[in-house]
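Engineer: Attaching a single structure in structure tokens format; questions to follow.
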Amino acid sequence: MESRKLHNRIAVLRRERGVSRKELAAHIGVNFQTVGYLEREEYNPSLDLAFRICEYFGLPVELVFGTAPLKPLSAELLAVRKQEGE
């Protein structure tokens, strides 16, 4: 069975928080080049690595990773607000 490509928001989250690839890599226990591969979606993380990344950013997995291209976080927040207003 062929593995599915995972999309992610790692680069956006890292830039938002002013974190370098080397800083993130050191915190999650990988080489900084691995962070680059993940950001370019050239490599799918293991489940453990995905959880370490999500824990670092303090976000649930579904906000960081997805099997379909991810919408901008602002669009996600607007959708939640609309649902709460209904």
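Read-outs throughout are calculated quantities, based only on the coordinates presented, and are distinct from any laboratory measurement. A quick note: this is a predicted structure, and the numbers were derived from the prediction, not measured. Backbone-built Cβ (ideal geometry, glycine too); neighbour counts: all protein chains shown.
Engineer: Between residue 4 and residue 49, what length in nm is gained on full extension when 0.36 nm per residue of separation is reduced by their alpha carbon distance?
Structural biologist: Working: separation 45, 0.36 × 45 = 16.20 nm, distance 1.64 nm.
Gain in length upon complete extension: 14.6 nm.
Engineer: With springs only between Cα atoms under 10 Å apart, run a GNM on the chain and tell me which of 41, 16, 62 wobbles the most.
Structural biologist: Of the options given, 16 has the highest mean-square fluctuation.
Engineer: Between rounded, prolate and oblate, where does the stretch 1-48 land on the alpha carbon gyration tensor, with a ≥ b ≥ c its root eigenvalues, rounded for a/c under 1.5, else prolate if a/b exceeds b/c?
Structural biologist: Numbers: a/c = 2.40, a/b = 1.63, b/c = 1.47.
It comes out prolate by the Cα gyration axes.
Engineer: Right, another one. Assuming 0.692 mPa s and 37 °C, estimate D for the chain with Stokes-Einstein, Rh taken as the Kirkwood radius over Cα pairs, in µm²/s.
Structural biologist: Translational D for this selection: 239 µm²/s.
Engineer: With springs connecting C-alpha atoms under 10 Å apart, model the chain as a Gaussian network and identify which of 25, 75, 50 has the largest mean-square fluctuation.
Structural biologist: 75
Engineer: Before anything else, pin down the relative contact order of the chain: Cα pairs under 8 Å, at least 6 apart, normalised by residue count, whole percent. Walk me through the intermediate numbers first.
Structural biologist: Numbers: 64 pairs, mean separation 32.5, N = 86.
Over the chain, the number comes to 38 percent.
Engineer: Assuming R0 = 41 Å, can you tell me the calculated FRET efficiency for the pair residue 79 and residue 31, based on Cβ-Cβ distance, to the nearest 0.05?
Structural biologist: Details: r = 36 Å, r/R0 = 0.87.
The value I calculate is 0.70.
Engineer: Could you check the simple spin-label distance between residue 59 and residue 22, using points 7 Å along Cα→Cβ, in nm with one decimal?
Structural biologist: Output for this residue pair reads 2.5 nm.
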